[in-house]
Ligand SMILES: Nc1ncnc2c1ncn2[C@@H]1O[C@H](COP(=O)(O)OP(=O)(O)OP(=O)(O)O)[C@@H](O)[C@H]1O
Ligand SMILES: [Mg+2]
């Protein structure tokens, strides 16, 4: 995995500051939430105080009206506290959700600019985890972690202050178990942190596993690997449970310990209090007030451990998310100076000059490929599987970067043409057509509002797939991921033709599907190819040589090198590589 998985110190100032930066647009609300937190903590001493007053000054002397007054004050206080609490919770979560929204949008925007090479090397599940649970963890810092931790600490200070003010000696005695509690909390916090980090890591692993196996389910089932894969899954699943149980274990020890310690404090208090009340040093009200304070003390201490974990997990998650945000995996764009400023569509005079290309290191996939396509010409590539045909196409739309040589379109180095101009000029029909969740029409326009509905209808007719569309329930509105009619490889490629036609590109790139296609689709594809390439610069990769008989030029590719080129007739006459391919296909 490329991102740091477990790093993250609690007070990693740099990361914490960057997390806080996310809140900048919501500064006002966040500050108000902070004010509410301070107010709530500041009020925490009042209720026990009022109860003492009720007990000592009114109940003890049978002062009915006075007691009612105090009672009303307590009710009023409870209402005020409840209101403050409501707004604090509401706003804290509002800020947290807004930060989630922004971060997710920023991350997705960032990642969609990455070059394909990055996605070749990154498990999808990992990116899903970054977008979903990691960002949720950061949001928790705002909804649950930071301000509440501050509130808890303030509450401690206020309550201890109030106790010291009333009776310092009693306070110190009551606080005797606190150092033990602090040590216990520290141990707990460490245990829980390790457990949480492994829980998150296991969740990420399960994400990756499920995603890959759902995608590859056909292979798993076809090869009867279900049982074996289930066993592998069981391992991840068990690791996830074990990690969770470790955290539960820590909680189940820690909470009783806290209970015991708070009981000890109360016991100490009662023991001293009884004496104090008996010899008149203390009143019953004071003892009760102290007991209430003791409960108020232990709760924030217990919660603090939890809050620190939320903070810590937020930092661990933020580390991963920021790591991804800082990653610059974009395709290098021409800098302002070298970029030709015009944004006209390219006409498509394509020249490859001694192009060398490898997906990784020096595993050359293309070894010095040179060729030229005049604007408006139809050029076709043929060759064995793995020869590098699709790779040439990938370079043309700059989905990947080549290492050596030069590619020019209309005389401009392809690296100096802005990516959006380049890609707007090129229509592609890829070898494997991916359809997104949504209607057929959305898959054709890819939600481009500049493509009017009429153009889509026109494209459907032009490509010759009217019958196919009409037979789908709902026609163009048909949801392609809906259960029921699935589209075959051939049909999907036809949809890609419609997509390319609707775009009306200057240059057409067509990578014919390898897998066998039913004769009907094949005929449709052939006809569509002819119509689409008419008068347009076209680069075709053909697996069925019948498709390219009348191409202006055919290039034979073998292991990354152009070994032959010419027209169909010339190449057949030459009795070389093309002739062999031709015989293989038509004699079989
Ligand atoms: N994304 C990738 N990362 C690494 N290597 C790749 C990648 N895509 C293709 N290759 C490798 O590059 C070589 C050429 O692949 P390419 O897809 O260009 O072949 P092709 O001629 O289109 O084959 P086919 O007829 O099967 O479509 C192959 O050896 C392949 O293993
Ligand atoms: Mg290919």
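The values are calculated or read from the model by the stated rules, or taken from the named source; none is laboratory data. Since this is a predicted model, take the numbers as computed values, not measurements. Here Cβ is always computed from backbone atoms with ideal geometry, including for glycine, and neighbour counts include all displayed protein chains.
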Next on the checklist: Restricting to the range 413-447, give me the number of residues that are free of Cβ contacts under 8 Å to residues at least 40 places away in the same chain and away from ligand 2 (no atom under 16 Å from the Cβ).
Outcome noted: 7
Next on the checklist: If I filter the range 402-412 for residues that are touching a residue at least 24 places away in the same chain (Cβ under 8 Å), within 13 Å of ligand 1 (Cβ to nearest atom) and assigned to a loop (DSSP other than H, G, I, E, B), do I get at least one hit?
Outcome noted: yes
Checklist entry - Among the residues of the range 382-393, is any in the same structural domain as residue 487 (by TED's automatic domain parsing), in contact (Cβ under 8 Å) with a residue 60 or more places away in the chain and more than 16 Å from ligand 2 (Cβ to nearest atom)? => result no
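This table checks each residue for (1) under 26 Å from residue 381 (Cα atoms); (2) surrounded by 20 or more Cβ atoms within 10 Å (Cβ to Cβ); (3) at pLDDT 85 or above.
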site	(1), (2), (3)
425	yes, yes, yes
458	no, no, yes
463	yes, yes, yes
485	no, no, no
500	yes, yes, yes
520	yes, no, no
Checklist entry - Failed condition for residue 156, given (1) farther than 30 Å from residue 101 by Cα; (2) surrounded by fewer than 18 Cβ atoms within 10 Å (Cβ to Cβ); (3) within 42 Å of the chain's Cα centre (by Cα), with all others met? => result (2)
Checklist entry - Does residue 408 fit the bill of being under 30 Å from residue 358 (Cα atoms), surrounded by 15 or more Cβ atoms within 10 Å (Cβ to Cβ), more than 16 Å from ligand 2 (Cβ to nearest atom) and at pLDDT 90 or above? => result yes
Item to check | Given (1) at pLDDT below 90; (2) within 16 Å of ligand 1 (Cβ to nearest atom); (3) over 19 Å from residue 350 (Cβ atoms), index of the condition residue 559 fails | outcome: (1)
Checklist entry - Does residue 96 satisfy the condition of being assigned to a helix (DSSP H, G or I), in the same structural domain as residue 287 (by TED's automatic domain parsing) and closer than 30 Å to residue 360 by Cα? => result no
Checklist entry - Mind checking which residues of the range 363-388 are outside any strand (DSSP E or B) and crowded, with 21+ Cβ neighbours inside 10 Å? => result 387, 388
Checklist entry - Any residue at all in the range 345-362 that is surrounded by fewer than 22 Cβ atoms within 10 Å (Cβ to Cβ), at pLDDT below 90 and within 12 Å of ligand 1 (Cβ to nearest atom)? => result yes
Checklist outcome for this item: Among 267, 234, 243, 228, the single one that is crowded, with 16+ Cβ neighbours inside 10 Å and assigned by TED's automatic domain parsing to the domain that holds residue 304 is 243
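Take the residues of the range 548-580 that are in a helix (DSSP H, G or I) and buried (at least 21 other Cβ atoms within 10 Å of the Cβ): which is farthest from the chain's Cα centre (by Cα)?
Filtering first and then ranking leaves 571.
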Checklist entry - Given 305, 263, which one is assigned to a helix (DSSP H, G or I) and either out of contact with any helix residue (DSSP H, G or I) (no Cβ under 9 Å at 6 or more places or on another chain) or without any contact (Cβ under 8 Å) to a residue 24 or more places away in the chain (or both)? => result 263
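Does the range 63-79 contain at least one residue that is free of Cβ contacts under 8 Å to residues at least 60 places away in the same chain, more than 20 Å from residue 143 (Cβ to Cβ) and not in a helix (DSSP H, G or I)?
For the range 63-79, residues free of Cβ contacts under 8 Å to residues at least 60 places away in the same chain, more than 20 Å from residue 143 (Cβ to Cβ) and not in a helix (DSSP H, G or I): present.
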Checklist entry - In the range 530-540, is there at least one residue being under 36 Å from the mean Cα position of the chain (by Cα) and within 16 Å of ligand 2 (Cβ to nearest atom)? => result yes
